[in-house]
Amino acid sequence: MQEQHIASVFDRDLEAIQAQIMKMGGLVEAAIRDGSESLETRDEDLAEKVRKADRAIDDLEEMINEEAARVIALRAPIASDLRLVLSVIKISANLERIGDYAKNMAKRTSVLSQMAPVDDSAGALRRMAREVEKMLKDALDAYIQRDAELAMDVINHDRDVDQMYNALFREFLTFMMEDPRNITACMHLHFIAKNIERMGDHVTSIAEQVVYLVTGEHPEEARPKADKTSLVAES
């Protein structure tokens, strides 16, 4: 009877932590969506909302880490239970980083709103952000459903985001060479594109954690980059 009571308390602890993960995921999805919309529409008020909302994401990560540490200390989980607690910590860290990138995107909105638009770059960036937002939704669904196949789909889809980034990177170079007046704006736009590409990498890390949680093993192969452009740009 005592063991059953301990197990039920442990289950409730895990459910509470996972509920916080999903709440955090919802806030991060909103940050991606609002950040990219504020960029395309030049809505500085919406951008400010994204910047302020990042604090709630940070607070949730801290809360989740504290609760996970308490569970480990009090319940001493083993095997699959320990994998679950450790995955929660890693997923929350990745969500926090995605939130930071969304905040950075919003920060540049006020700067870009003072400059002439560069073709449909803001619209292209919003489409790229939507791809990442969908990846995140699928990754969180895979986590809740313990669906390793869906998680692998997310991992494979990261290649598409990389290709979108690489195409934008080349476009920005072209715009800068065609008209030096575009250089400052294109530099800001490139940093945003790189931030969105990095969001995709963190979403992929979440999906990899889901695979590990379900199977006990990490995906066999490191995810390939679509090409080397993003790696060169980051070095």
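Some points to look at:
- Accessible area (Å², per residue) of the chain, counting only protein heavy atoms and a probe of 1.4 Å: 50 Å²
- Whole-Hz couplings from phi, Karplus 6.51/-1.76/1.60, listed for region 96-102; x for Gly and Pro: 4, 5, 4, x, 5, 5, 5
- Each residue of region 57-62 was assigned a 3J(HN,Hα) from its phi angle through the Karplus expression (A = 6.51, B = -1.76, C = 1.60, θ = phi - 60°), giving 5, 4, 5, 5, 4, 4 Hz with x at Gly and Pro.
- FRET efficiency, 1/(1 + (r/R0)^6) with R0 22 Å, evaluated for M177 and Q114 via beta carbons: 0.45
- Ranked by how many other beta carbons lie within 10 Å on average, peptides 107-119, 16-28 from highest: 16-28, 107-119
- Within region 82-235: Cβ-based charge dipole about Cα centre, in debye rounded to nearest 20 (Lys, Arg +1; Asp, Glu -1): 560 debye
- Protein accessible area in region 114-165, 1.4 Å probe - carbon and sulfur %: 46 percent
- Taking the convex hull of Cα positions in region 58-107, its mean projected area over all directions (nm²): 3.3 nm²
- Cα convex hull volume per residue for the chain (Å³): 111 Å³
- Pairwise label distance in nanometres, A73 with A167, each label 7 Å out on the Cα-Cβ vector: 5.1 nm
- For region 1-104, carbon and sulfur atoms together expose 53% of the accessible surface, with a 1.4 angstrom probe and every protein chain in place.
- Rounded Å value of the spacing that divides the Cα centres of region 136-205 and region 108-125: 17 Å
- Packing here is the average count of other Cβ atoms within 10 Å per residue, and on that basis the peptides 77-86, 41-50, highest first, run 41-50, 77-86.
- With a cut-off of 12 Å between beta carbons, the residues surrounding I21 carry a summed charge of -2, where Lys and Arg count +1 and Asp and Glu -1.
The values are calculated or read from the model by the stated rules, or taken from the named source; none is laboratory data. The structure presented is a predicted model; accordingly, all values stated were derived computationally and were not measured. Don't worry about glycine lacking a Cβ; one is built from the backbone with ideal geometry, like all the others, and counts go over all protein chains shown. Accessible surface areas use protein heavy atoms only, side chains included; no ligands, DNA or RNA. Shrake-Rupley method; radii C 1.70, N 1.55, O 1.52, S 1.80 Å.
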